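Encoded as structure tokens, the structure appears first; notes follow it.
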There are 2 protein chains.
Amino acid sequence: MMYETREYHAIEQSDVDELIAICGENGVIYADKEKLEPYSHDEVADIRYHHMPDVVVKPKTTDQVSRIMKYADEKKIPVTPRAAGSGLSGGAVPACGGIVLSVERMNSILDVDTDNLMVTVQPGVVTNEINETVKQHNLFFAGYPMSVETCFVGGNIAENAGGGKAVKYGVTGRYIHGLEAVLPGGEIIRCGGKRVKDVTGYDLVHLLTGSEGTLAVITEATIKLLPLPTHQVDLLVLFPDTAGAIGIVPKIMVETGIIPTALEYMDRLSLTTACEYLNEKLDYGDAGAILIVTVDGHSKQQVETESEAIGELCLENGAIEVYVADNATTTERIWRIRRNAAEAFKVDSPIQSLEDIVVPFASIPEMLSRIERISAHHKIPIPCYGHAGDGNLHATPVKPVSMSDTEWDSVLAAVLEQLYTDTAELGGTISGEHGIGSKRRKHMRLVLSDSEIALMKRIKSAFDPNGILNPGKMFE
Amino acid sequence: MMYETREYHAIEQSDVDELIAICGENGVIYADKEKLEPYSHDEVADIRYHHMPDVVVKPKTTDQVSRIMKYADEKKIPVTPRAAGSGLSGGAVPACGGIVLSVERMNSILDVDTDNLMVTVQPGVVTNEINETVKQHNLFFAGYPMSVETCFVGGNIAENAGGGKAVKYGVTGRYIHGLEAVLPGGEIIRCGGKRVKDVTGYDLVHLLTGSEGTLAVITEATIKLLPLPTHQVDLLVLFPDTAGAIGIVPKIMVETGIIPTALEYMDRLSLTTACEYLNEKLDYGDAGAILIVTVDGHSKQQVETESEAIGELCLENGAIEVYVADNATTTERIWRIRRNAAEAFKVDSPIQSLEDIVVPFASIPEMLSRIERISAHHKIPIPCYGHAGDGNLHATPVKPVSMSDTEWDSVLAAVLEQLYTDTAELGGTISGEHGIGSKRRKHMRLVLSDSEIALMKRIKSAFDPNGILNPGKMFE
């Protein structure tokens, strides 16, 4: 199902020998099913989006990446770049076989420049390590995603990952100021750098960011750092219903003038399931929805004043209760409810499809009623949680235990088609932070016109005329 | 000099008739030198970067833009999109003649959406009008440039304009969430929308932003708004020298944790010339350089605390004096010094080349000593002022009155080559916010490799296979 019509060269021993000549014996995995298997999937459980690589290469230098790409391009061998494999769209899976190019050995923080507030890293650095390293200088990388402790920064950039703090700080791309990358033909390009502004030619940095490894292999990134906030307060606010919870979002920003760090939403089903899973005794009463609101800053008084103002505004606008967390223990108690939503549903049924739709945030209540209709019509639960301040909802169709696999496949297809169509009707799109990969490529037509898709394919060809880089992704 | 080798169709009466059929009599200017002349230049005074259009069209709708582009593409007529013509790179000038497509009649604010904090505008809206319109809702567009009162938002987007508040708020591109645009072949595309996150395919919004009208004609933009700050304090800080003034920039951010709204720099020559021009009696004593530091926010107390912290930090680090402006009158007194720097130099000599280099901001002192060397070697003044927090310096070679025009041409060429080479050596680039246009295109090779330029040209061809859109810009 995943194969392209394009003809690729099948890997032979002579190709493997060449790759060993470039990366060394320890840099190549071949003909060892057990060792190849971990590179055959990401965090998408559905086996339709798994595929074994023929060979895995683990370069250590940009020059090695360049030589691998040049060779693969000449031989027409597909190459799929891979970071931590923690993605949620099948992006790092070799859908057409061939080479997986893992950046796991390109894992150095190359430079911490406190005078320019920039850090330069290789793509295989664990994102969390960046913040652990720069916090001694009272700095942090603000664009990191929720999966900060496992993901590699190269993957964050490839997907333009979002996260829990995007309301205030934006997503990964805002902080990427320079990239070194290798084109499919082996050429090394350098875009941007340690400069805050740059309008010299086209913005290749932000074209590569979020391009899902289909345009070039990122080999180095220069990332802007911000002063690390010293204080944080988290509120868990109970609302009678979704309309109330979401209606407060623009009010907070306009009436208090405060841009919260996070504005996370959970529906009742997600909340109760997560609380039961965690054995968490939070008194949520009749709440139909909750918001988690985070405020951070550099002054204790300011953060307290701001969180109080937001809390009062919520109560004036129908909130049932506001729980305040102003220390690490209670903050963790609040946030683990949000973080464990996905895990909690797996207890009942491990088969689910984690979605990533985005709508203009004022349309969240309408979107949620449409999701309720889809859920009722197809008789499957679709719990929702996500980033309310970004309009980004992780609606998650869950397979009922009683449903057969075959029925689930056809029901899920119908559910996704309707979910995405409704999203598009409300001015939204099918992915906010997880990417298209192989999982959503056939649905691109629901949100992009033929002209737009054709244009994107021409851009792809401008980088990759032979179509060897991460084929089977983004486009049908 | 500016013509391309490519063969274009020369405008005939039948072409003009077709354009009138599309836009109406009042939408076309032809064979009227006086009325065409204003469309032959932007704010670059050097006549080498002026060129008369054959015809000017002024569409009112996206559909008209589409029909113009389709016709021009079929006939191979160059089309140069134009907003207010307030640019500083020759970008809106029809370097190869043909059609100037002015968006001046596409000047409506289409939608103010206070629930989603988004405004949707046509490209011919004066940027200032956006903020005048949304301020009643306590909102503002934070990405606007210094020339806010004259420029059109379409031009800001085409150039990815910066401005005086970019340190805290970033540049235009950060706020552009949706674009409607017409491809050279006439196809209408819509990218992004009223959503905060979007990773559906390649990021066309940010590829078009800053593409200087060479990829598509922007016909509509959806722009993110922020809560309008209610309080502001400005500091004018005197330093003995540039090293002291610039050295404080990262210290402010890291040691106080505050990201100022603005961090503007002026050297002594710019300061004294502007003060004399304005008859401003500011006591600047022996100051070798000044910083203007702005802090804004939603709490009077917070803004005062922050500005005091910054003022104290400056004094602890060698500042001679800190002048505080906490009301509109004194704020205006400070900022008009900065705003009038360019005008002030024109009194002595109207012939000057306003440059727009960017370096990593910690390299500003080294860059300024290099500029002093260039100035001494070529015996011309090169005053410097600009956005210190962004490393963006408007170094401005000024023609001495005694120098002949011929000598100036050759001296300026040598000065720019050296200026840009030094900039590149320090990890910088040749334009931070003004763009490449026709003015800097031959210098792209100093900061981009052949591979990078070739890649950008392939991207250009993916949009514009016939090369009709804004030819003679960006590339040689």
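The values are calculated or read from the model by the stated rules, or taken from the named source; none is laboratory data. These figures come from a predicted structure and were not determined experimentally. Glycine also receives a Cβ, built like all others from the backbone with ideal geometry; neighbour counts cover every protein chain displayed. Calculation scope for accessible area: heavy atoms of the full protein, side chains included, ligands and nucleic acids excluded. Shrake-Rupley method; radii C 1.70, N 1.55, O 1.52, S 1.80 Å.
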Exercise for review: Work through the residues other than A:ALA21 whose Cβ is under 15 Å from its Cβ and net out their charges, Lys, Arg +1 and Asp, Glu -1.
Suggested key: -2
Study note, to complete from the structure: Averaged over the residues of B:384-392, the number of partner chain Cβ atoms within 10 Å of each residue's own Cβ comes to 2
Practice item. Check cross-link reach from B:LYS70 to the aspartates and glutamates: straight Cα distance under 19 Å, and skip same-chain residues fewer than eight apart. Key: A:ASP450, A:GLU452, B:GLU7, B:GLU12, B:ASP15, B:ASP17, B:GLU18, B:ASP54, B:GLU180, B:GLU187, B:GLU220, B:ASP464
Study note, to complete from the structure: Looking only at lysines whose Cα falls under 23 Å of B:LYS135's and that sit 8 or more positions away or on another chain, we get A:LYS168, A:LYS251, B:LYS165, B:LYS168, B:LYS194, B:LYS224, B:LYS300
Study note, to complete from the structure: Of the accessible area of chain A, computed with a 1.4 Å probe and all protein chains kept, carbon and sulfur make up a percent value of 49
Check your understanding: Between A:ASN279 and A:LYS346, what length in nm is gained on full extension when 0.36 nm per residue of separation is reduced by their alpha carbon distance?
Key -> 22.6 nm
Check your understanding: Assuming R0 = 22 Å, what is the FRET efficiency of B:GLU476 and B:SER449, from their Cβ-Cβ distance, to the nearest 0.05?
Key -> 0.95
Revision key, fill the gap. Among the stretch B:395-425, those whose backbone N falls under 16 Å of a label point 7 Å along Cα→Cβ from B:HIS377 are B:397, B:410-425
Review point. With point charges of +1 on the Cβ of Lys and Arg and -1 on the Cβ of Asp and Glu, referenced to the Cα centre of the protein assembly as shown, which listed residue (A:SER353, A:ILE176, A:PHE475) lies farthest in the positive direction of the dipole?
Key: A:PHE475
Check your understanding: With each pseudo-label sitting 7 Å past Cα toward Cβ, what's the B:ARG336-B:ASP409 distance in nm, one decimal?
Key -> 3.9
Review point. What is the distance in Å between the Cα centres of the stretch B:394-427 and the stretch A:276-345?
Key: 58
Revision key, fill the gap. Within the under-11-Å Cβ sphere about B:GLY288, not counting B:GLY288, Lys/Arg +1 and Asp/Glu -1 give a net charge of -2
Revision key, fill the gap. Over the protein assembly as shown, the sum of -39500 (n - 2.57) across DSSP H runs of at least four, divided by residue number and rounded to 500 deg cm²/dmol, gives at 222 nm -10500 deg cm²/dmol
**Study point:** Residues of type lysines that B:LYS346 reaches as a straight line, Cα spacing below 17 Å, ignoring anything fewer than 8 places off in the same chain
**Key:** B:LYS399
**Study point:** Rounded if a/c under 1.5, otherwise prolate or oblate - the stretch A:1-123, Cα gyration tensor axes
**Key:** oblate
Exercise for review: Mind putting a number on the dipole of the stretch A:399-476 about its Cα centre? Charges go on the C-beta only, +1 for Lys and Arg and -1 for Asp and Glu, and I need it in Debye to the nearest 20.
Suggested key: 380
Practice item. Using the Cα centre as the reference, give the magnitude of the dipole from point charges on the C-beta atoms of the stretch B:349-451 (Lys, Arg: +1; Asp, Glu: -1; all else neutral), rounded to the nearest 20 debye. Key: 140
Check your understanding: Where nothing but the Cβ of Lys and Arg (+1) and of Asp and Glu (-1) is charged, how large is the charge dipole of the protein assembly as shown around its Cα centre, in debye to the nearest 20?
Key -> 1160
Practice item. When a/c is below 1.5 the answer is rounded, else prolate if a/b is larger than b/c, else oblate, so apply that to the stretch B:189-319 with a ≥ b ≥ c taken from the square roots of the Cα gyration tensor eigenvalues. Key: prolate
Check your understanding: Can you give the mean number of other chain Cβ atoms that lie within 10 Å of the Cβ atoms in peptide A:167-175?
Key -> 2
Review point. How many nm separate the modelled label positions at A:HIS9 and B:THR272, each set 7 Å beyond the Cα in the direction of the Cβ?
Key: 6.8
Exercise for review: Please give the average number of partner chain Cβ atoms lying within 10 Å of the Cβ of each residue in A:351-361, rounded to a whole number.
Suggested key: 3
Check your understanding: Applying the Karplus parametrisation 6.51 cos²θ - 1.76 cosθ + 1.60 with θ = phi - 60° to the phi angles of the stretch B:268-285, what ³J(HN,Hα) value in whole Hz is obtained for each residue in order, glycine and proline being reported as x?
Key -> 4, 4, 5, 4, 5, 5, 5, 5, 5, 4, 8, 6, 8, 8, 3, 7, 9, x
Revision key, fill the gap. Hits in the stretch A:349-368: amide N under 11 Å from the 7 Å Cα→Cβ extension of A:ARG48, namely none
Review point. Using a Förster distance of 51 Å, how high is the FRET efficiency between B:GLU149 and B:ALA21, based on the Cβ-Cβ distance and rounded to 0.05?
Key: 0.90
Check your understanding: What does the accessible area of A:ASP113 come to, in Å² to the nearest 10, when a probe of 1.4 Å is used?
Key -> 20
Point to revise | Two-site label geometry, A:SER369 and A:ASP113: point separation in nm, points 7 Å out along Cα→Cβ | key: 5.3
